[in-house]
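Okay, so here's the structure we're looking at.
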Amino acid sequence: MTTSAVSIEKETVISERPHTFLRQTDGEYNGSIRSRFQSMILEMQESVCGALEALDGAGKFKEDAWTRPGGGGGISRVLQDGAVFEKAGVNISVVYGVMPPEAYRAAKASAADQKPGPVPFFAAGISSVLHPKNPFAPTLHFNYRYFETDAPKDTPGAPRQWWFGGGTDLTPAYIFEEDVKHFHSIQKRACDKFDPSFYPRFKKWCDDYFFIKHRGERRGLGGIFFDDLNDYDQEMLLSFATECADSVVPAYIPILEKRKDTPFNESHKAWQQLRRGRYVEFNLVYDRGTTFGLKTGGRIESILMSFPLTARWEYDHKPEEGTEEWKLLDACINPKEWI
């Protein structure tokens, strides 16, 4: 008889955040990729939350810090019912554990890399979803992560694997072409600093990844997405992930500043709620990060932070051709080159 054990130890909420979530054997200041990536995501959480609170003007982030007995932990920050944001979450985690095979399949896209038994792992990342109140202000998602896996117990001496993943994508309910072009231009600028092939490659990857198969449409208007990235130097990829993370605020905040106070009516709000329903569907059915967290016994409140406070499903809803709602749906079905 086989059992599927929860492979990450249960978290303990703590009153004060520690200086590091790394195990002593990893070291906090030893210059390793683990320690430097942890520093990057901690700094990014601070800068993004600061920018969002300043823009909102009323809401404040609630913070929960947590640790696990075997090492690792995280910081969850959520702002709810602010002046601008219905819900905004910015989470970081640094965790150790053992992945059952089904979780490893969720973490790795390549079928060639699948392992038969439990796999020890290290994972660090920052994940955020921002849901504004105004239907003319777009939702934003970003996630940047670093994984390492050790050899399974039944294959001692096998090499350690590592990879980077992440991306930033925009999910509006209404299209303002200047906003979408601005957003994509910032993504392209970050990519071009490292490799001119990155933006077209990762833009297409984003369009393909955020495809809701049962609907035949994308979740939004894309951005960049990459995963299992380890075919470049580790230092280069760490710098690339940092550059992408640093691009979040300049890509998004100027759009919100223009759209957060746009007048709207009940029909605009209803359409926003329908598009949020699509957001929920994708995350529950297809998102690898959600799947990985649920299959490894991750912290539920942090995993489900991405869901909006409100969403809507209507039976057989189809926007009238030529309307602004139809234009958004058409762009989600037929991805465009925005720049």
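Number of residues in region 1-40 that are within 25 Å of PRO118 (Cα to Cα) and modelled with pLDDT under 85: the value is 14.
Within region 53-71, the set of residues being touching a Lys or Arg at 6+ places or on another chain (Cβ under 9 Å), open to solvent by 20 Å² or more (accessible area, probe 1.4 Å) and of a type outside the set (Gly, Ala, Ser) comprises GLU53, LEU55, PHE61, LYS62, GLU63, ASP64, PRO69.
In this structure, is GLY50 among the small types (Gly, Ala, Ser), surrounded by fewer than 20 Cβ atoms within 10 Å (Cβ to Cβ), modelled with pLDDT under 95 and closer than 26 Å to CYS244 by Cβ? Lay out the reasoning, then the answer.
Numbers: among the small types (Gly, Ala, Ser): yes; surrounded by fewer than 20 Cβ atoms within 10 Å (Cβ to Cβ): yes; modelled with pLDDT under 95: no; closer than 26 Å to CYS244 by Cβ: yes.
Judged against the criteria, GLY50 is not a match.
Check ILE300 against each of (1) over 15 Å from the mean Cα position of the chain (by Cα); (2) touching a residue at least 24 places away in the same chain (Cβ under 8 Å); (3) closer than 22 Å to VAL78 by Cα and name the one condition it does not meet. Here ILE300 clears every test but (2). For region 281-330, taking the residues that are in a loop (DSSP other than H, G, I, E, B) and under 27 Å from PHE226 (Cα atoms), the one that is most open to solvent (accessible area, probe 1.4 Å) is identified as TYR286.
The values are calculated or read from the model by the stated rules, or taken from the named source; none is laboratory data. Being a predicted model, the structure only gives us computed values, none of them experimental. Glycine gets a Cβ as well: all are built from the backbone with ideal geometry, and neighbour counts include every protein chain shown. Ligands, DNA and RNA are stripped out before the accessible areas are found, and what is left, the full protein with its side chains, is counted by its heavy atoms. Shrake-Rupley method; radii C 1.70, N 1.55, O 1.52, S 1.80 Å.
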